[in-house]
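All of the numbers you see were taken from the coordinates with simple rules; none came from a lab. Nothing here was measured: the structure is a model prediction, and the numbers come from that model. We place every Cβ from the backbone using ideal geometry, glycine too, and count neighbours over all the protein chains shown.
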Amino acid sequence: MTTYGRAAEESAFVRTYAVTRGRTKPRHLLALETVLEAGQGRPGPAQAEECGEILALCRERRRSVVELAGRLGRPVTAVKVLVSDLLDAGALVVPLTQSYADTGAGSGPSVQLLAAVSASLKRKWPDAVAYPQAG
Amino acid sequence: MPSPIPRPDDPSTVSPHSQAGAPTVLKIVIAGGFGAGKTTAVGAVSEITPLSTEEYLTEASADVDSLAGLASKRTTTVAFDFGRLSLPDAPVPLELFLFGTPGQDRFVDLWYDLSRGAVGAVVLVDTRRLESSFTPVSFFEDIGLPLVVAVNQFDGAHPYHPEQVRAALELPAAVPVVTCDARDTNHVAGVLLALVDHAVNCAATTNRAGHAPSTTLQDV
């Protein structure tokens, strides 16, 4: 990478964390795919402009951390810091999914869940190319 | 630096009155070298225009650039694509999250994050740059994630037979190798289906992530 490229990258890094007021570690455990929905609480005063954008997006529909980061054009970690603030204020909540469909920690989805996905995909795209299974 | 499993540690952050139907999210990783067609493939089935998302990675700089001997870590940006699609007529609301990720080994930390709890991975192959597929293939094999290799048939590229690609990548017989046109929704949907069905077979025959063995009919 050129010296200029490195400098540009570093200044982007600094700008990003100005948004989070210097914080680089989110307070809450959030994964890329963690889905958020708008809650009853109100964000505190003096929040970053991006917090308002996050809330507006989550009022439209539930959004994942990765989607919020993509739409805001901010790195995932910075968005996690802001989402943590909004969780603390109750302005965002983490909705729970049906427990029987839960994907267990560290393991893949259950056979039952995969079978449901397979059936739904086939209904969604009846003309999907059918590939023979290997093995 | 794999981030932890999402588990709200503070009960107050969990919605007490969440309306029924919060979707169950399933992840699929689409990895491949530069120009292999990852963004195109994500876009072919995603309900949203693929979003380019950035994350910072901390890495040892000596491994990846010419600053040999500089022991300190530095932060770089990694960009990946995100798309999603919903399966509303499933028994429970399901959403598939698609992550298109570059194939270089310096993104291994990101792959760990994306792979955790994922259905599986598609490695998209451009036969003109086969070598860029080795790293993602061996990564997903090593962590035991169900894997499908999809050969993106570019116009003008020599149409290799899937078995030739299997031999070149030294893939075991159990890994499906398919050819597709990453621009075609029905092709990419077929690849996703091949992956999901392969994941069903994997889940039925092996016990991933150290789960206690479950008795199957064959065991009796």
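Taken along the Cα-to-beta-carbon direction at a fixed 7 Å, the label points for B:Phe134 and B:Glu163 span 2.5 nm.
Across peptide B:47-58, what mean number of C-beta atoms from other chains lies inside 10 Å of a residue's C-beta?
Averaged over the peptide's residues, the number is 5.
Relative to the longest principal axis of the Cα atoms of chain A, the long axis of helix A:49-60 lies at roughly 30 degrees. With a simple spin-label model that places each label point 7 Å from the Cα along the Cα-to-Cβ direction, the separation between B:Ser86 and B:Asp184 comes to 2.9 nm. Couplings for segment A:6-17, taken from phi via the Karplus curve 6.51 cos²θ - 1.76 cosθ + 1.60 with θ = phi - 60°, read 4, 5, 5, 5, 5, 6, 5, 4, 5, 4, 4, 7 Hz in order; Gly and Pro are left as x. For the peptides B:92-104, B:134-146, A:18-30, residues were scored by their other Cβ atoms within 10 Å and the scores averaged per peptide; the highest-first order is B:92-104, B:134-146, A:18-30. Counting Cβ atoms of other protein chains within 10 Å of each Cβ in B:199-205 and taking the mean gives 5. In terms of packing, defined here as the mean over residues of other Cβ atoms within 10 angstrom, the peptides B:82-89, B:35-42, A:41-48 line up highest first as B:35-42, B:82-89, A:41-48. Averaged over peptide A:31-44, the number of partner chain Cβ atoms lying within 10 Å of each residue's Cβ comes to 5.
In chain A, the calculated helix contribution to ellipticity at 222 nm averages -15000 deg cm²/dmol per residue, counting -39,500 (n - 2.57) for every DSSP H run with n ≥ 4. Classified by the C-alpha gyration tensor, segment B:117-214 has a prolate form. Its axis ratio a/c, with a ≥ b ≥ c, is 1.5 or above, and a/b is larger than b/c.
If R0 is taken as 30 Å, the Cβ-Cβ distance between B:Thr205 and B:Thr75 corresponds to a FRET efficiency of 0.15. Dipole check for segment B:67-180: with +1 at the C-beta of Lys and Arg, -1 at the C-beta of Asp and Glu, and the Cα centre as origin, the magnitude is about 320 Debye.
Amide H contacts under 5 Å for B:Leu147: B:Ala121, restricted to partners 5 or more places along the chain or on a different chain, H placed in the peptide plane at 1.01 Å from N.
The Stokes-Einstein estimate for segment A:3-93, based on a Kirkwood radius over Cα pairs and taken at 10 °C with 1.306 mPa s viscosity, is a diffusion coefficient of 120 µm²/s.
Note on A:Thr24 and A:Glu60: the model spin-label points, each 7 Å out from Cα along the C-beta direction, lie 3.2 nm apart.
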